[in-house]
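Enquirer: My questions will all concern the structure given below.
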Amino acid sequence: MILNAVWHKQWTTNVKVNVLAGMTATLALVPDSLAFSLMAGVPPTVGIYASICILLVTTFLGGRPGMISAAAGSMAVLMLTLVKEHGIAYLFAATILTGIIQYLMGAFKLGKLMNFVPHGVLTGFVNALAILIFMSQLRYFQGAAWTMYALVAATLAIIYVLPRFFKAIPSPLIAVAVLTLAVWAFGMGDVSRIGDIAVIDASLPSFLLPDIPFSWETLMIILPYSLSLAVVGFTETLLTHNLLDEMTEERTDKNKEMRGQGIANFVAGFFGGMAGCALVAESVLNVKMGGRNRLSTLVAALFLFLLVVIAGDLLALVPMAAL
């Protein structure tokens, strides 16, 4: 009976709301995954593959339902030097080792340390990240035509005005669909699209072993990066975890989440992905849209997979103004 109740709560409660929330979160996740790949100096598919793998694994093994975990900018900045000096294969190896370290963090119950983080730190973390996200978007306005500003205004109007009259479908999802259709229909060639940022390779991720020497020297090269990635991922994930627990008035298992994150990064490294962690912006968006169970994150992973592998050409048409 208990297992049936848990299954129902996590998979069959508010199905429509969770499906739409997961799809909305994915649309926010796509440009981030591409941008974080470029930030780390790797092909765009590395961030996409990482996001798909991490989302799928944490959906089933994570401790915080509804939390979106994927390739992350805070971790991408730590990878650039490793990739430049040693190559992408070392990044995959470092990602695998990061997963092992994070799993051990969960196994040794280090998640309880986050219980001592003051509320003011959590507030500062969220506000600082909001400012950084806002600042990161400004580069898309450099040299942009007036249509860019008009589309941004239209997007915001749809997001904030439409819910007063229609709530069956999340307004951000409608905004992206409407703006994409408008840009395509009116032939707005001066508007930046996802396809202008990166070429999306519509191929399936495949299992691989990092092409590196399995030696003590290799371990000494990747260990400092893996430790840094593990600590940053641990911090951002559990701060996000705390925030969502507060939003939903739930207490969920932080140590289980770290074990799940560890396994997710371990798997991602074998499928050509980079290390990742929880993303506060996409996680908050998902929860606010009603994505509070595991179905929402499963939908996000599958929708991202379908967008990239099956509808890559369509995805490339989405204007950055809408995102």
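Enquirer: Do any helices (runs of 4 or more DSSP H) lying entirely in the stretch 212-295 carry at least 3 residues that are of a type outside the set (V, I, T), within 12 Å of S69 (Cα to Cα) and touching a strand residue (DSSP E or B) at 6+ places or on another chain (Cβ under 9 Å), and which ones are they?
Expert: 216-248, 254-270
Enquirer: Continuing with the same structure: Is it the case that some residue within the stretch 130-137 is of a type in the set (S, T, N, Q) and assigned to a helix (DSSP H, G or I)?
Expert: yes
Enquirer: Moving on. Out of A177, A144, which single residue is small (G, A, S), open to solvent by 30 Å² or more (accessible area, probe 1.4 Å), without any contact (Cβ under 8 Å) to a residue 60 or more places away in the chain and in a helix (DSSP H, G or I)?
Expert: Of the residues listed, the single one that is small (G, A, S), open to solvent by 30 Å² or more (accessible area, probe 1.4 Å), without any contact (Cβ under 8 Å) to a residue 60 or more places away in the chain and in a helix (DSSP H, G or I) is A177.
Enquirer: Something else about it: If we keep just the residues of the stretch 30-69 that are hydrophobic (A, V, I, L, M, F, W, C) and not in a helix (DSSP H, G or I), which is surrounded by the fewest Cβ atoms within 10 Å (Cβ to Cβ)?
Expert: Among those that are hydrophobic (A, V, I, L, M, F, W, C) and not in a helix (DSSP H, G or I), it is V42.
Enquirer: Would you mind stating whether R251 is of a type in the set (K, R), out of contact with any His (no Cβ under 9 Å at 6 or more places or on another chain) and modelled with pLDDT of 90 or more?
Expert: no
Enquirer: Could I ask something else about it? Are there any pairs, at least 6 apart or on different chains, whose C-beta atoms fall under 6 Å, with the first in the stretch 103-125 and closer than 11 Å to K256 by Cα and the second among the hydrophobic types (A, V, I, L, M, F, W, C) and part of a helix (DSSP H, G or I), and if so, which?
Expert: As it stands, the answer is M105/F234; M105/M258; G106/M258; G111/M258, since those pairs meet every condition given.
Enquirer: Would you confirm, using the coordinates I've provided, whether F125 is modelled with pLDDT under 95, open to solvent by 30 Å² or more (accessible area, probe 1.4 Å) and in contact with a helix residue (DSSP H, G or I) (Cβ under 9 Å, 6 or more places away or on another chain)?
Expert: yes
Enquirer: Output yes when any residue across the stretch 70-77 is in contact (Cβ under 8 Å) with a residue 40 or more places away in the chain, outside any helix (DSSP H, G or I) and open to solvent by 30 Å² or more (accessible area, probe 1.4 Å), and no when none is.
Expert: For the stretch 70-77, residues in contact (Cβ under 8 Å) with a residue 40 or more places away in the chain, outside any helix (DSSP H, G or I) and open to solvent by 30 Å² or more (accessible area, probe 1.4 Å): absent.
Enquirer: Return the residues of the stretch 185-201 that are open to solvent by 60 Å² or more (accessible area, probe 1.4 Å) and under 27 Å from the mean Cα position of the chain (by Cα); say none if nothing qualifies.
Expert: Scanning the stretch 185-201 gives D196, V199, D201.
Enquirer: Give the residues of the stretch 180-211 that are modelled with pLDDT under 80, of a type in the set (V, I, T) and assigned to a loop (DSSP other than H, G, I, E, B), sorted by residue number.
Expert: Within the stretch 180-211, V199, I200 meet the criteria.
Enquirer: If you take the residues in the stretch 164-174 that are assigned to a helix (DSSP H, G or I) and open to solvent by less than 50 Å² (accessible area, probe 1.4 Å), which one is farthest from P43 (Cα to Cα)?
Expert: Among those that are assigned to a helix (DSSP H, G or I) and open to solvent by less than 50 Å² (accessible area, probe 1.4 Å), it is S171.
Enquirer: Can you tell which of L307, L298, L302 is open to solvent by 40 Å² or more (accessible area, probe 1.4 Å) and either under 15 Å from the mean Cα position of the chain (by Cα) or aliphatic (A, V, I, L, M) (or both)?
Expert: L302
Enquirer: Do we find a residue being open to solvent by less than 50 Å² (accessible area, probe 1.4 Å) and either modelled with pLDDT under 80 or of a type in the set (K, R) (or both) anywhere in the stretch 147-163?
Expert: No, the stretch 147-163 contains no residue that is open to solvent by less than 50 Å² (accessible area, probe 1.4 Å) and either modelled with pLDDT under 80 or of a type in the set (K, R) (or both).
Enquirer: Of the numbered conditions (1) surrounded by fewer than 24 Cβ atoms within 10 Å (Cβ to Cβ); (2) among the aliphatic types (A, V, I, L, M); (3) modelled with pLDDT under 85, L27 satisfies every one except a single condition; which is it?
Expert: With respect to (1) surrounded by fewer than 24 Cβ atoms within 10 Å (Cβ to Cβ); (2) among the aliphatic types (A, V, I, L, M); (3) modelled with pLDDT under 85, L27 is out only on (1).
Enquirer: Continuing with the same structure: For residues that are of a type in the set (S, T, N, Q) and surrounded by 12 or more Cβ atoms within 10 Å (Cβ to Cβ), scanning just the stretch 204-226, find the one that is farthest from the chain's Cα centre (by Cα).
Expert: T218
The values are calculated or read from the model by the stated rules, or taken from the named source; none is laboratory data. Predicted model, so just to flag it, every value in this text is computed and none were measured. FYI the Cβ positions are ideal-geometry reconstructions off the backbone, even for glycines, and counts take in every protein chain you see. Please note that ligands, DNA and RNA were not included when accessible areas were found on the heavy atoms of the full protein model with its side chains. Shrake-Rupley method; radii C 1.70, N 1.55, O 1.52, S 1.80 Å.
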